[in-house]
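Notes to accompany the following structure.
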Amino acid sequence: MSTHTRASAATGKHGKKAPEILLGNEAIAHGILAGGANVVTSYPGTPASEVCTTAMSLASQRNLPVHVEWSINEKTAVEVAFTNSITGRRSAAIMKQVGLNVASDPVISAAYMGVTGGLLLVVADDPGPHSSQTEQDTRLFAVHAKVPVLDPMSPREALEMTMQAFEFSERYKTPVILRPTTRVCHARQLVEPPDIKPLDRRPDFRKDPSRWAATPGPRLVLHRELNAKLREIEKHPWARPRLVHGSGNTDLAVVSSGVACAYLLDVVAELGRRQDLSIYKIDMPFPLDEHALSSLTERHSRVLVVEETEPVIEMRFINRERVSGRMDGTVPDAGELTPDVVARVLEEFTGARAPERTMVSAKQRRPSLCAGCSHRAAFYAVKRALPGGIYASDIGCYTLGLNLGGVDTCLCMGAAVSQAAGFFHAFKDAPAPPPIAAIIGDSTFFHAGIPPTINAMVTGARFVLVVLDNATTAMTGHQPTPATGGMTNDFSGRTLSLEEAIAGCGVKTIRVHDPYDVTGFADVVRQAYARTETEGVTAVIARHPCIRDRRVLQAQTRYAMRITEDCTGCGLCVREFECPAISVMDKRARIDASLCVGCGVCVQVCPVKAIAAEVES
Amino acid sequence: MNPGTCSDRQIFMVGLGGQGILLLARALAVWAATTGREVITSETHGMAMRGGTVTASLKVGRYAGPLIPPGAADVLIGLDEQEALTHLPMLRQGGISVVNAATDTGTFSHVVDAAGVARSLGAPGSINMIMLGIAAQVLGIDRADMEKIVEELSPARAKRANLKALQAGFDCGAQ
Ligand code: SF4
Ligand code: SF4
């Protein structure tokens with residue numbers, strides 16, 4: 001997926017390259033490398049994942065002297081990138097918005113210290129939310145962290161901003177955040193890929209403990225310095241409203257940022273390019289030139305603010321009497337600003353009628369674990385082994401185990417383990433405490449599951465830790481894990497197995513079993529659970545590779561499946577197991593051959609043995 | 001929508017995760033770009049790709065935003081009949097709908113049993129390429145141009161199968 005098809009065959013050998021249709025995330029990756037980054041770090045997360053994937057393949061295809069790594073988590077990614085940037089070299093760290101929460105500690109501290117080489121943090125927001133646990137607005141986080149934030153409205157603008165961000169960062173000696181949203185990350189547009197010529201900068205680390213190792217005293221000095229930087233940055237053109245439509249002398253004005261601005265332009269074009277309206281875009285919602293912004297309420301009689309997701313710009317008007325937006329309810333206070341929402345808001349604001357729309361019902365097909373997915377088998381077996389238990393789970397494909405009742409909680413990365421401990425302490429003195437399992441994916445365990453496992457071990461919690469090991473970060477597009485290796489563009493570094501990592505946390509019993517053997521796996525979980533009485537935390541690794549990899553499917557036995565006359569139509573296979581290939585109609589189960597991958601696991605689920613499997617030749 | 005004469009167009013695509021709608025959308029986008037017009041698309045990634053509803057939008061012409069508002073699509077391509085029905089309000093009055101369905105109920109302007117064609121090819125996973133061929137035929141896209149694009153976009157091991165399915169699509173679109 002790393003090659004980009006040229007839109008036109010003509011490609012100049014020198015000078016400008018032919019435009020290519022790039023995904024927003026691919027455009028950002030090109031911008032990072034063209035901007036001279038020497039170190040690129042990331043932890044995968046939708047909608048940000050393709051940035052690092054693209055940077056990694058560009059770096060290895062073109063043999064660039066750039067270090068690209070999938071870091072173990074976002075905190076580590078930021079720390080590695082930041083440190084490269086205090087040696088005068090350029091770096092980028094990429095994550096999704098909730099990943100920024102994980103990285104918040106170094107980010108906020110780095111803002112005080114500043115950088116000597118450009119540091120770009122790409123943080124992708126997910127209004128909707130489509131693939132996230134919250135709709136949090138990174139621009140608001142940027143205000144809290146005192147870090148400038150750029151808000152692109154398209155892949156093309158994201159590319160331009162990315163390339164300029166490094167010089168901006170060096171000029172003001174501050175980290176910079178680029179905040180694309182899902183609709184920018186996952187939009188494709190014709191862009192001219194810039195030339196990639198890595199910056200040849202020798203590392204130059206000037207020891208300065210009062211900055212790089214500051215104790216609370218010098219921190220106050222750094223805080224004042226940061227405030228002065230921000231006042232300076234407010235004079236940058238990015239900090240002022242930029243007129244993108246209309247004359248600027250109209251009664252009504254709209255201020256917007258990000259992709260919402262693009263929708264506004266489309267709606268206005270559809271309405272015949274209304275000349276009675278001025279639209280301004282804010283490229284950098286923080287820090288803002290508050291006076292330039294507030295002067296809009298003097299120039300226009302009413303101002304509407306359209307932005308995702310929080311009223312970050314709206315809050316900054318000194319006098320909000322003429323301002324409407326999220327704060328007065330003109331713009332809905334949650335959810336994505338889609339073109340129809342923007343059109344409705346504009347209609348309300350201008351009093352003009354928007355084109356008639358029939359709404360598409362929100363009824364969307366719910367996603368489920370793939371047919372043949374080993375996670376389904378593992379969840380089913382855990383339910384069997386620990387009936388009436390509490391199953392604390394986590395973030396990844398396997399969260400979909402909730403469809404079959406195998407996931408009771410999903411809080412944030414790594415919380416399966418700490419929530420299992422929390423449930424243990426809550427129930428330990430109850431009359432009949434339920435069995436407790438923490439069910440977590442391999443990549444998630446490495447990301448944030450290790451400290452809570454140690455914590456549980458040393459604080460007396462008792463539960464069975466089930467690690468779903470499919471040897472990949474499947475949810476976000478199959479990135480490597482520490483156990484698979486290949487975390488960098490040059491394949492340096494060793495691997496670390498799950499067994500080693502879990503044993504290192506002090507866990508004594510670690511069993512490995514293939515969950516396709518449902519009965520055997522359930523036995524292993526039962527035995528491991530029995531030992532929690534004396535050992536505290538015990539672990540079972542459910543090991544079976546992800547079947548989204550075709551080679552995996554080709555390598556495993558494939559069965560031809562059949563439902564026999566014995567089927568009673570009880571529906572247990574659908575309710576409790578939920579393979580998308582199985583449905584029950586007219587009191588009889590049926591298997592859709594176009595969906596079934598022939599894993600044969602369902603044979604072990606039917607109580608009357610009505611599912612038959614025959615090895616396919 | 002022939003090159004040179006094509007005006008601003010919005011194409012909405014819908015199917016289920018795993019059906020390969022993104023490759024179809026990309027091929028159409030690359031084709032649109034060869035006409036010398038501006039192109040912007042939107043794709044669904046992430047959780048929904050596990051069997052959930054997956055949509056893609058392609059806007060050709062002077063558009064700034066990647067999403068198509070409801071009732072504004074000129075063309076709807078449906079890889080799944082149920083999903084196409086749910087998303088039919090995306091289509092404007094008089095818009096064209098090209099849908100994979102076993103039987104023609106008169107709801108859509110073009111109905112083809114792409115799943116049936118895919119089965120007869122022995123490649124049940126090739127509905128996306130068959131539908132691309134059909135849609136390309138309906139939209140008046142040159143067959144050789146589209147074949148070249150699919151060849152370039154397909155990973156090496158899927159090239160032959162994708163081309164075969166695309167051609168089958170063109171053939172049934174011609175009927
Ligand atoms: S196949 Fe077995 S579990 Fe499924 S409905 Fe029939 S009897 Fe019940
Ligand atoms: S064999 Fe059974 S469990 Fe496996 S994919 Fe087919 S129907 Fe689903």
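The values are calculated or read from the model by the stated rules, or taken from the named source; none is laboratory data. If you're wondering where the values come from, they're calculated on a predicted model, not measured in any experiment. All Cβ positions, glycine included, derive from the backbone under ideal geometry; neighbour counts span all protein chains shown. Just the protein is used for accessible areas: all its heavy atoms, side chains included, with ligands, DNA and RNA removed. Shrake-Rupley method; radii C 1.70, N 1.55, O 1.52, S 1.80 Å.
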Let me spell out the model: positive unit charges on the Cβ of Lys and Arg, negative unit charges on the Cβ of Asp and Glu, origin at the Cα centre of the range A:238-350. What dipole size does that give, in debye rounded to 20? 400 debye
In square angstrom and rounded to 100, what buried accessible area do you get between chains A and B, total over both, with the probe at 1.4 Å? 3800 Å²
Show me the ranking of peptides A:73-82, A:307-316, B:105-114 by mean Cβ neighbours inside 10 Å, starting with the highest. A:73-82, A:307-316, B:105-114
Per the 1/(1 + (r/R0)^6) rule, R0 = 22 Å and r from the Cβ atoms of A:Asp549 and B:Lys159, FRET efficiency to 0.05 is 0.70
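Percent antiparallel among DSSP beta bridges with both residues in the range B:9-172, to the nearest 5?
50 percent
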By DSSP, what percent of the beta bridges with both residues in the protein assembly as shown are antiparallel, rounded to the nearest 5? 35 percent
Between rounded, prolate and oblate, where does the range B:9-172 land on the alpha carbon gyration tensor, with a ≥ b ≥ c its root eigenvalues, rounded for a/c under 1.5, else prolate if a/b exceeds b/c? rounded
Residue-wise HN-Hα coupling along the range A:539-555, computed from phi with Karplus coefficients 6.51, -1.76, 1.60 (Hz; x: Gly, Pro): 10, 10, 9, 8, 10, 6, x, 5, 7, 5, 7, 3, 5, 5, 4, 5, 7
For A:Leu465, distant residues with modelled amide H under 5 Å away: A:Ala438, A:Thr538, A:Ala539, A:Val540
In the range A:181-201, which residues give up 20 Å² or more of accessible area once the other protein chains are added, compared with their chain alone (1.4 Å probe)? A:Arg183, A:His186, A:Ala187, A:Arg188, A:Gln189, A:Leu190
Two-site label geometry, A:Ser583 and A:Glu500: point separation in nm, points 7 Å out along Cα→Cβ: 4.8 nm
On the first, second and third principal axes, largest extent first, how far apart are the outermost C-alpha atoms of the range A:404-534 in Å? 56, 32, 27
Ranked highest first by the average count of other Cβ atoms within 10 Å around their residues, in what order do B:91-103, A:493-505 fall? B:91-103, A:493-505
Mind giving me the nanometre distance, one decimal, between the label points for A:Met315 and B:Asp113, set 7 Å out from Cα along Cα→Cβ? 6.0 nm
Would you mind telling me the share, in percent, of accessible area of chain B contributed by carbon and sulfur at probe 1.4 angstrom? 50 percent
What Kirkwood hydrodynamic radius, in Å, does the protein assembly as shown give when the mean of 1/r is taken over all pairs of distinct Cα atoms and then inverted? 28.0 Å
Compute the distance in nm between two label points, each set 7 Å from the Cα along the Cα-to-Cβ direction, one at B:Ala102 and one at A:Gln275. 5.9 nm
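Let me check against my output: what whole-number percent is the relative contact order of chain A, with C-alpha pairs under 8 Å and at least 6 apart? Provide the component values of the computation, followed by the final result.
Details: 1330 pairs, mean separation 65.9, N = 617.
RCO, chain A: 11 percent.
Just the number please: accessible area per residue for the range B:9-172, 1.4 Å probe, all protein chains included, in Å².
Roughly 34 Å² per residue, with all protein chains present.
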Quick check: at a probe of 1.4 Å, how many percent of the accessible area of chain A sits on carbon and sulfur atoms? 53 percent
Treating only the Cβ atoms of Lys and Arg (+1) and Asp and Glu (-1) as charged, compute the dipole magnitude of the protein assembly as shown about its Cα centre; round to the nearest 20 debye. 1120 debye
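For the range A:557-615, what is the accessible area per residue in Å², given a 1.4 Å probe and the full set of protein chains?
56 Å²
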Reachable lysines from A:Lys146, Cα under 22 Å, same-chain residues fewer than 8 places away excluded? A:Lys75, A:Lys96, A:Lys173, A:Lys229, A:Lys235, A:Lys281
In sequence order, what are the phi-derived ³J(HN,Hα) couplings for the range B:22-28 according to the Karplus relation 6.51 cos²θ - 1.76 cosθ + 1.60 with θ = phi - 60°, rounded to whole Hz, with x for glycine and proline? 5, 5, 4, 5, 5, 4, 5
Magnitude of the Cβ-charge dipole (Lys and Arg +1, Asp and Glu -1) of the range A:374-552 about the Cα centre, nearest 20 debye, reported as 240 debye
On average, how much accessible surface per residue is there in the range A:238-350, in Å², for a 1.4 Å probe, leaving out ligands, DNA and RNA? 36 Å²
Between A:Asp328 and B:Arg62, how high is the FRET efficiency from 1/(1 + (r/R0)^6) when r is the Cβ-Cβ distance and R₀ = 35 Å? Nearest 0.05. 0.60
Any chance you could check the range A:240-278 for residues losing 40 Å² or more of accessible area when the partner protein chains are in, compared with the chain on its own (1.4 Å probe)? A:Asp266
Could you state the number of Å between the C-alpha centres of the range A:583-617 and the range A:381-403? 22 Å
How far, in nm, would the chain grow between A:Ser301 and A:Phe491 when pulled straight, counting 0.36 nm per residue and subtracting the alpha carbon separation? 62.4 nm
Given the Cα-Cα distance of A:Ser210 and A:Gln61 and 0.36 nm per residue of separation, how much length would full extension add, in nm? 49.5 nm
Heavy-atom accessible surface, probe 1.4 Å, ligands and DNA/RNA ignored: which residues of the range B:112-155 lose at least 10 Å² versus the isolated chain? B:Pro124, B:Glu152, B:Leu153
How big is the antiparallel share of DSSP beta bridges in the range A:508-617, given as a percent to the nearest 5? 70 percent
Looking only at other chains, what is the average number of their beta-carbon atoms within 10 angstrom of each beta-carbon in B:66-78? 5
Taking a ≥ b ≥ c as the square roots of the eigenvalues of the Cα gyration tensor, with a/c under 1.5 meaning rounded and otherwise prolate when a/b exceeds b/c and oblate if not, the range A:99-205 is oblate
Over the range A:363-445, how many percent of alpha carbon pairs lie in each 5 Å bin up to the one with the longest distance? 3, 16, 25, 24, 17, 9, 4, 2, 0
Percent RCO, i.e. relative contact order, over chain B, from Cα pairs under 8 Å lying at least 6 residues apart: 21 percent
Explain nothing, just compute: Karplus ³J(HN,Hα) = 6.51 cos²θ - 1.76 cosθ + 1.60, θ = phi - 60°, for every residue of the range B:100-105 in order, whole Hz, x for Gly and Pro. 7, 8, 6, 10, 8, 9
Taking a spot 7 Å from the Cα of B:Asp142 along the direction of its beta carbon, which residues of the range B:5-42 have an amide N less than 12 Å from it? B:34-35
Collect residues whose amide H, placed 1.01 Å from N in the peptide plane, falls under 5 Å from the amide H of A:Val331; neighbours closer than 5 in sequence don't count. A:Gly325, A:Arg326
Cα-based shape type of the range A:160-307, given that a ≥ b ≥ c are square roots of the gyration tensor eigenvalues and the cut on a/c is 1.5: oblate
Ignore the peptide's own chain and count Cβ atoms of other chains within 10 Å of each Cβ in B:51-59; give me the average, rounded. 4
Expressed as a rounded percentage, what relative contact order does the range A:19-233 have, with Cα pairs under 8 Å and six or more residues apart? 29 percent
Most packed first (mean Cβ within 10 Å per residue), the peptides A:461-469, A:251-259, A:88-96 order as A:88-96, A:461-469, A:251-259
